[in-house]
Amino acid sequence: MEGFDDKSNIGYPIPGIFLNTDTGAPMTNCIQCDYDLLKGDRYYVIEKVYKTYPEMGTTEVLFEYAICSHCYEKMKDELSAESMANLSQYMLENTDVEAMQARIEENPNNPEAWLSHCMIKGTPIQGLSEYQIGACFLGDRLMTDFMPPFLIGNMAIEEMNSILSQKTKDQMDDFMNDNFGIPPELRKDLILI
Ligand SMILES: [Zn+2]
């Protein structure tokens, strides 16, 4: 069990917002290969997509999934390198890193508080009609060594979709439909990062 104690001391506990919406428990399996994520020996990413209904004051999870690092890398490899490079470039140029760092410094032990604004546009979550969140995990710990948890609002998602080639959009649609049963009309609310 060497390393087990170390792992329990790194990262952060899984914030409530990243638990399974239906069960309130941690997500347990890779949506694609069914890998046991809580074994703690493989990184994984959780993504959730939300739609808000301001007139009703409610927020609904459109879909959510966890995907292990192996399947995640495979998925990225299958998408066009040019579109992926464009996406990386967009995020590099547009992410408000200073604001993100300020949110982290204000609440160093509360990663959920870092998700209060779109990391690209700076729009407060209350002003977004749709948004997606994502973060990286190892076992039952939120990890920040590759990327901090992120929130991207609908305006930025639209911009990011607009810089993808039609071929990549079709690939993303097929990938999400084949693997997660997510239809193209919902996929447009999500960008595979
Ligand atoms: Zn997997």
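Coordinate-derived values only; no laboratory data. Small disclaimer: the values here were computed from a predicted structure and weren't measured. Every residue, glycine as well, gets a Cβ built from its backbone with ideal geometry; the counts of neighbours run over all protein chains shown.
Brief remarks follow.
- Pick from the range 29-42, criterion assigned to a loop (DSSP other than H, G, I, E, B) and more than 12 Å from the ligand (Cβ to nearest atom), ranking: surrounded by the most Cβ atoms within 10 Å (Cβ to Cβ): Gly40
- Of everything listed in (1) touching a residue at least 12 places away in the same chain (Cβ under 8 Å); (2) not in a helix (DSSP H, G or I), the single unmet condition for Pro108 is (1).
- For the range 53-70, taking the residues that are closer than 19 Å to Pro184 by Cα and away from the ligand (no atom under 16 Å from the Cβ), the one that is farthest from the chain's Cα centre (by Cα) is identified as Glu60.
- Residue in the range 81-89 that is within 25 Å of Glu185 (Cβ to Cβ) and either basic (Lys, Arg) or under 17 Å from the mean Cα position of the chain (by Cα) (or both) present: yes
- In the range 24-35, the residues that are touching a residue at least 12 places away in the same chain (Cβ under 8 Å) form Cβ pairs under 9 Å with partners that are among the β-branched types (Val, Ile, Thr) and within 12 Å of the ligand (Cβ to nearest atom), at six or more places apart or across chains, as follows: Cys30/Ile67; Ile31/Ile67; Gln32/Ile67; Cys33/Ile67.
- Selected residue (only one of Glu73, Glu82 is more than 16 Å from Leu142 (Cα to Cα), within 15 Å of the ligand (Cβ to nearest atom) and in a helix (DSSP H, G or I)): Glu73
- A Cβ distance below 9 Å, combined with a sequence gap of six or more or placement on separate chains, defines the contacts here; from the range 58-72, residues that are at negative phi and in contact (Cβ under 8 Å) with a residue 12 or more places away in the chain reach residues that are within 16 Å of the ligand (Cβ to nearest atom) and of a type in the set (Lys, Arg) in the pairs Cys68/Arg42; Ser69/Arg42; His70/Arg42.
- Qualifying residue in the range 126-138 (condition: surrounded by fewer than 16 Cβ atoms within 10 Å (Cβ to Cβ) and among the polar types (S, T, N, Q)): yes
One line per residue, one yes/no per condition, for (1) surrounded by 13 or more Cβ atoms within 10 Å (Cβ to Cβ); (2) in contact (Cβ under 8 Å) with a residue 60 or more places away in the chain; (3) of a type outside the set (Phe, Trp, Tyr):
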| site | (1), (2), (3) |
| --- | --- |
| Lys121 | yes, no, yes |
| Gln166 | no, no, yes |
| Lys169 | yes, no, yes |
| Asn179 | yes, yes, yes |
